[in-house]
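Only one structure is covered here, and it is reproduced in the block below.
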Amino acid sequence: MNSIKDTGNKLVAALDPNDSVGIIDNYFPEAKFFVEFERFDRHIDKLRRSNSGSAIDYVSICSPNYLHDSHTRFALRSGADAICEKPLVLNPWNIDGLLAIEKDTGRKVNTILQLRFHPAIISLRDKVAAENLSQKHEVDLTYITSRGRWYLQSWKGDIKKSGGIATNIGVHFFDMLHFVFGDLQEN
């Protein structure tokens, strides 16, 4: 919400099944708020069909991983570009469907892979880029984090909903490694 405000944009409507999100009032007190997707969908469709120029431009998707694909398709079909955190889909073959909807609607899916913006990662990429392209790099990546008891009770602890460690957090590391080393190889 801070980024939306800082860039001079406006939060028109928000959906969250948890109604304890009063923080919205600090940024966009006029935003419509929904706890049920069906009512949110109806509101967004109403805005799209109105001739008042009030259709939404972007849908920011911050839902559990297993809903990203569906919510991204909703955004595109609603005439908006999607901004989605990782992963876009849990099953790789679902990317083709998103590409088809992008083509059909003329809208775009944007994903957030925030490690690309971390100063230490940018510095590492620049250092690697300055080296000899034929040099091989051995990478030892260790990630340690603690999780409270809530973790295994939430969707994050359910492999069917999170996609597992590789999808839930690993995607950031795969992207980071590609960001640092991926464009350096000669074809």
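The values are calculated or read from the model by the stated rules, or taken from the named source; none is laboratory data. Owing to the predicted nature of the structure, the values given are computational and were not obtained by experimental measurement. Methodologically, a virtual Cβ is constructed for each residue, glycine included, from the backbone with ideal geometry; neighbour enumeration extends over all protein chains shown. Note: accessible area is taken over every heavy atom of the protein model, side chains too, but ligands, DNA and RNA are not part of it. Shrake-Rupley method; radii C 1.70, N 1.55, O 1.52, S 1.80 Å.
Being touching a helix residue (DSSP H, G or I) at 6+ places or on another chain (Cβ under 8 Å) and part of a loop (DSSP other than H, G, I, E, B) is the filter; apply it to the stretch 48-60 and report the residue that is farthest from Val171 (Cα to Cα).
Ser54
Within the stretch 1-26, track down each residue that is touching a helix residue (DSSP H, G or I) at 6+ places or on another chain (Cβ under 8 Å) and surrounded by 14 or more Cβ atoms within 10 Å (Cβ to Cβ).
Met1, Ile4, Leu11, Val12, Ala13, Ala14, Leu15
Counting just the residues of the stretch 37-66 that are free of Cβ contacts under 8 Å to residues at least 12 places away in the same chain and more than 19 Å from Thr105 (Cβ to Cβ), which one comes out nearest to the chain's Cα centre (by Cα)?
The extreme case among them is Ser63.
Taking the condition of being open to solvent by less than 100 Å² (accessible area, probe 1.4 Å) and either part of a helix (DSSP H, G or I) or farther than 25 Å from Arg77 by Cβ (or both), how many residues in the stretch 27-47 meet it?
Of the residues in that region, 9 qualify.
Answer yes or no: is there a residue in the stretch 100-113 that is among the polar types (S, T, N, Q), on the phi < 0 side of the Ramachandran plot and either in contact with a Cys (Cβ under 8 Å, 6 or more places away or on another chain) or at pLDDT below 90 (or both). Spell out how you get there, then give the answer.
Filtering the stretch 100-113 for residues among the polar types (S, T, N, Q) gives 105, 110-111.
Still in the list and also on the phi < 0 side of the Ramachandran plot: 105, 110-111.
Cutting the leftovers down to either in contact with a Cys (Cβ under 8 Å, 6 or more places away or on another chain) or at pLDDT below 90 (or both) gives us 110-111.
Among the residues of the stretch 100-113, at least one is among the polar types (S, T, N, Q), on the phi < 0 side of the Ramachandran plot and either in contact with a Cys (Cβ under 8 Å, 6 or more places away or on another chain) or at pLDDT below 90 (or both), which makes the answer yes.
Of the residues Trp150, Trp93, only one is of a type in the set (Phe, Trp, Tyr) and touching a helix residue (DSSP H, G or I) at 6+ places or on another chain (Cβ under 9 Å); which?
Every option except Trp150 fails the conditions.
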